[in-house]
Amino acid sequence: AIYELSCEAYKHLGKTSNYYWIDPDGSGALGPLKVYCNMTEDKVWTTVYHDLQMQTAVGGSSLEKLAVLQLNYSATMDQISAITSSAEYCEQFISYSCKMSRLLNTPEGNPYTWWVGKANEKHYYWGGSGPGIQKCACGIERNCTDPKYYCNCDADYKQWRKDTGMLSYKEHLPVSQVVVGDVDRPGSEAKISVGPVRCQGDRNYWNAASFVTSSSYLHFSTFQGETSADISFYFKTSASDGVFLENLGNTDFIKLELKSAAEVSFSFDVGNGPVEIVVRSPNQLNDDQWHRVNAERNVKQASLQVDQLPLEVRKAPTEGHTRLELYSQLYVGAAGGQRGFLGCIRSLRMNGVTLDLEERAKVTPGVKPGCSGHCTSYGMYCANGGKCVEKYNGYSCDCSTTAYDGPFCIKDVGAFFEEGVWLRYNFHSPGTSMKDLVSRTLLSSTDPETTAPDLNLNKEELSFSFSTTKSPCVLLYISSYTQDFMAVLVKPSGNLQIRYSLGGTKEPYNIDVDHRNMANGQPHTVNITRNGRDIVLQLDHYPPTSYSLPTASDIQFNSPKALFLGKVIEIGKIDQDIYKYNTPGFTGCLSRVQFNQIAPLKAALRPTNTSSHVHIQGELVESNCGASPLTIPPMSAATDPWHLDSASADFPYNGQAIGDGVNRNSAIIGGVIAVVIFTILCTLVFLIRYMFRHKGTYHTNEAKGAESAESADAAIMNNDPNFTETIDESKKEWLI
């Protein structure tokens, strides 16, 4: 198996936080190791764990003057060194809790306790300090318990104290041993905690050079690959051919090149005549996207792989020469008058060593350090409207105009609303002219139709998810400086209603979704798009439904003022039903709320340039309990039990919904019936049924899990994990 070289590589395959196998030196001697990759930040954290328990007790009754604590990692020291050397930053938490147990014996004594790092070197500084400084964090910050000492523990108190901090000089990491010295006196006790080693970034992964002419090249010292060669790199180009790299001997050579727009060639000669392996791609490789090349050669065989295409392998002859003897410099790009590579090469590793293309490119004409255009390959991973931003080393996703968070804009930002909690987002903030504000935030500046000077909306997009068990309530309300408004409500029956009042009609235009109970505690998604008179509503995974405003209705939302979540607290006349639904207010979860370019919940929970527009009443608790991942494929009209296009459509008996995958459930029910018929033939079952009948019990065809479920809805959901929405019309909750 071919493993990625680092967590950074997994991130740019669109992977999420998890344990992964990485191989820091390719197919070199180190071998793969399993690490935890944390993808939640812009830069990836790689974590390697050890077996020492936190708060490991030392001393008390020990007769030994020194207590040695050994840390055994899930990787070898060489493997961890490969990670730390390529990382931009590494850290490891360390803590010493003490009672009459001195630590570094500051300010002038010999340390009682030290730790051993890479290369078995002893270190006499503690977390929060640095090499050569025999102090703890409190000594650096000058806030130790006793100012005469540079560590809290060195004051030798009979009460528990501690010294903690991060070790961040990565050339010394990881901690392999902690040696504790002052625990042999009566009453002396200590507890040691050492966290996992964590490294951030990968300097090698984005080390790149751009070749701007076909005669450009970089040169390095001769490649030492006599019996084993392992070469890997990424390239992107719009040219149809060119030499990636070449190294020559008297007659021996090794060479990698783009032979055509769809062919990569690996050729070499160890004295038995030239050998060439070619991988042909079904798609063009000169598409200005990143492609990975991995070439290996040893005494037994040679192989070439491009991206995820099948591995091409060539066995070595059983007799003949096996050593690759090279003498010239290694050329990356044009060599010997050949047409060189035009484009970008990055993360070039030769036998586990990353060549520093950037540094060499800085002093080489025709070659530029770094590479642009990462978004052409990786921009697809910026989800939910996030924008890919080019960086010198890589890219990032700008989620500022979305209701999402995280490196790929896929983390829902949501909150739990207790009864009485509400949020108001003012489209107009003090000190800003309304025209300027609306044109910048509420209206999309890329849409010429929405930059009209009269500040009226002809179109809007609204999306959010929610969960609640209380009805009626106001989920969302948008007010205006006129009588116009828009509202999303849960009616007393638990059904959803979207209400538009844009003027021109006596009563608001209502969209009632009467056949689905939305106050069932399950997460539901709502997407509403209006363009002029046309409204499209999509709920959960069901197909979108189209509606149209009455011909008498105005189609402009005039002078939008504020957006409310949970409750409407607005001056002026309020619609009577909304006023009635407003008490006691929404209780439940709202997530990823977005109205055009505005994300009010995110503005409330994250410091953004629009946070000043937000006013919150009560305590808003961040939570993703309203998130609704759409893992269920859309239902077709044929299988959707709530598809009511046909006038003859009948509701299931007693309002009990039949979920997605009706055919699958029918098969299960058929199997159950077959088993029941079989068991009826058994005398033993007859006896059991007879006994239960005398005890006054009965059997039904309820879903499994019904005994522990709170309702018939919950029982069906317990039985079918793919079923997210059920109804029991006989058990609606009315709260007015």
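Numbers at a glance
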| read-out | value |
| --- | --- |
| The stretch 149-172 residues that are closer than 14 Å to residue 125 by Cα, paired with ones that are open to solvent by 60 Å² or more (accessible area, probe 1.4 Å) and among the hydroxyl-bearing types (Ser, Thr, Tyr) (beta carbon under 6 Å, 6 or more apart) | 152/145 |
| Condition met for residue 509 (assigned by the TED database to the domain that holds residue 588 and open to solvent by 30 Å² or more (accessible area, probe 1.4 Å)) | yes |
| Residue in the stretch 123-143 that is of a type outside the set (Lys, Arg), part of a strand (DSSP E or B), in contact with a strand residue (DSSP E or B) (Cβ under 8 Å, 6 or more places away or on another chain) and at negative phi present | yes |
| Unmet requirement for residue 166, which otherwise passes all of (1) at pLDDT below 90; (2) not assigned by the TED database to the domain that holds residue 285 | (1) |
| Count of the stretch 331-342 residues which are touching a Ser or Thr at 6+ places or on another chain (Cβ under 6 Å) and either assigned by the TED database to the domain that holds residue 394 or crowded, with 20+ Cβ neighbours inside 10 Å (or both) | 4 |
| Unmet criterion (only one of (1) out of contact with any Pro (no Cβ under 6 Å at 6 or more places or on another chain); (2) closer than 25 Å to residue 426 by Cα) for residue 545 | (2) |
| In the stretch 177-189, the residues that are crowded, with 21+ Cβ neighbours inside 10 Å and within 39 Å of the chain's Cα centre (by Cα) | 178 |
| Hits in the stretch 41-75 (condition: farther than 30 Å from residue 206 by Cβ, at pLDDT below 85 and open to solvent by 30 Å² or more (accessible area, probe 1.4 Å)) | 59, 60, 61, 62, 63, 64, 65, 66 |
| Tally, over the stretch 86-123, of residues that are buried (at least 24 other Cβ atoms within 10 Å of the Cβ), among the hydrophobic types (A, V, I, L, M, F, W, C) and within 30 Å of residue 158 (Cβ to Cβ) | 4 |
| Complete set of residues in the stretch 360-383 that are open to solvent by 30 Å² or more (accessible area, probe 1.4 Å), farther than 16 Å from residue 215 by Cα and either among the hydroxyl-bearing types (Ser, Thr, Tyr) or part of a strand (DSSP E or B) (or both) | 369, 372, 376, 381 |
| Residue 536 vs. criteria open to solvent by 30 Å² or more (accessible area, probe 1.4 Å) and either at pLDDT 90 or above or not in a loop (DSSP other than H, G, I, E, B) (or both) | yes |
| Listing of strands (runs of 3 or more DSSP E) fully contained in the stretch 37-116 that carry 2 or more residues being closer than 21 Å to residue 128 by Cβ | 45-48, 56-59, 89-99, 114-116 |
| Answer residue from the stretch 203-217, given it is in a strand (DSSP E or B) and farther than 24 Å from residue 90 by Cα and is most open to solvent (accessible area, probe 1.4 Å) among those | 217 |
| Pick from the stretch 297-326, criterion of a type in the set (D, E, K, R) and part of a strand (DSSP E or B), ranking: surrounded by the fewest Cβ atoms within 10 Å (Cβ to Cβ) | 315 |
| Residues of the stretch 136-156 classified as open to solvent by less than 40 Å² (accessible area, probe 1.4 Å), within 16 Å of residue 109 (Cβ to Cβ) and not polar (S, T, N, Q), total | 8 |
| Positions within the stretch 384-409 being in a strand (DSSP E or B) and on the phi > 0 side of the Ramachandran plot, in sequence order | 394 |
| Candidates 362, 315, 391 - the one that is among the charged types (D, E, K, R) and outside the structural domain of residue 233 (by the TED database) | 391 |
| Boolean, residue 301 is polar (S, T, N, Q) and over 30 Å from residue 87 (Cβ atoms) | yes |
| From the options 200, 159, residue that is over 30 Å from residue 367 (Cα atoms) and either surrounded by fewer than 23 Cβ atoms within 10 Å (Cβ to Cβ) or touching an Asp or Glu at 6+ places or on another chain (Cβ under 8 Å) (or both) | 159 |
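The values are calculated or read from the model by the stated rules, or taken from the named source; none is laboratory data. As the structure is a prediction and not an experimental result, all values here were calculated from the model. Because the Cβ atoms are built from the backbone with ideal geometry, glycine has one as well, and the counts that use them run over all protein chains shown. Just so you know, the surface numbers come from the protein's heavy atoms only, side chains and all, with ligands and any DNA or RNA stripped out. Shrake-Rupley method; radii C 1.70, N 1.55, O 1.52, S 1.80 Å.
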